[in-house]
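To start, the structure itself, in C-alpha cells.
Please treat every number below as a calculation from the coordinates, not as lab data. Just so you know, these numbers come straight off a predicted model, no measurement behind them. Please note: Cβ atoms are built from the backbone with ideal geometry, for glycine as well, and neighbour counts cover all protein chains shown.
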Amino acid sequence: MEISHPRLLPLGLAALAPVAAGGILAARFADTTPLVAAPAITFGVLAITSPALYIATAALGEAPPLAQMVRALATALTAFGIALAGLLLPAMFLAWSSIEPLTSIAIASGAIVFAALLAVRRFARELANGRGPSIARTAVFACWAIATLGLAGKLWWTFATGVVS
C-alpha cells in the first residue's frame, strides 16, 4: 500500500502513539480504558486549549495566519507521535517489569510527558518560523503551554492512578 500524502504516516503515529501509551497501562493492569483515555486526554485538551492560543495571539496582534497555525500544530503533533513511538518499547519494558504499580504509571506518564515537551518545543519553533522574537508572543505561548501540559497531566495522572485502585 502506497501512502499518497507524505504526512499521513507521521500523523497516524501521532494518533496511534497515545493509544499504545495507554496500552502499557491496559496490559499491566488488565483494564482497557487507558486505550481510549490516553488519546482522549491528549487530543481533547489540545482541541480545547488551541483556540485560546490563537485568540490570545490575535488579541496581541501577533497571530500568524490560521493556515500557518494549523500547519504548525500538525507538525507538532507529528513530532509528538514520532517521539512517543520511539519511547514506547523502552517504556513498555520498564513498566511491565516493575514491581510497584505506581512505577508503571510513572514510566508510562514520563514517556508521554517527554514526547509532549518535544512537541511543544517544535510547535513554538514552527509558529516563530520567519518572524522575529517577541516577548509578548513568547509569554502567551509559555502560559498556554504550561496550562495545556498541566491540564493534560492532571487529567492523565488522576485517571491512571484510578486504574490502579
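Is it true that some residue in region 93-108 is closer than 25 Å to A38 by Cβ, of a type in the set (S, T, Y), touching a helix residue (DSSP H, G or I) at 6+ places or on another chain (Cβ under 8 Å) and touching a residue at least 60 places away in the same chain (Cβ under 8 Å)? So far as region 93-108 goes, yes, one or more of its residues are closer than 25 Å to A38 by Cβ, of a type in the set (S, T, Y), touching a helix residue (DSSP H, G or I) at 6+ places or on another chain (Cβ under 8 Å) and touching a residue at least 60 places away in the same chain (Cβ under 8 Å). Just to be sure, is L88 in contact (Cβ under 8 Å) with a residue 12 or more places away in the chain and either over 18 Å from L35 (Cα atoms) or touching a Phe, Trp or Tyr at 6+ places or on another chain (Cβ under 6 Å) (or both)? Answer is no for this residue.
Restricting region 109-158 to residues that are basic (K, R) and surrounded by 15 or more Cβ atoms within 10 Å (Cβ to Cβ), the residue that is farthest from V19 (Cα to Cα) is R137.
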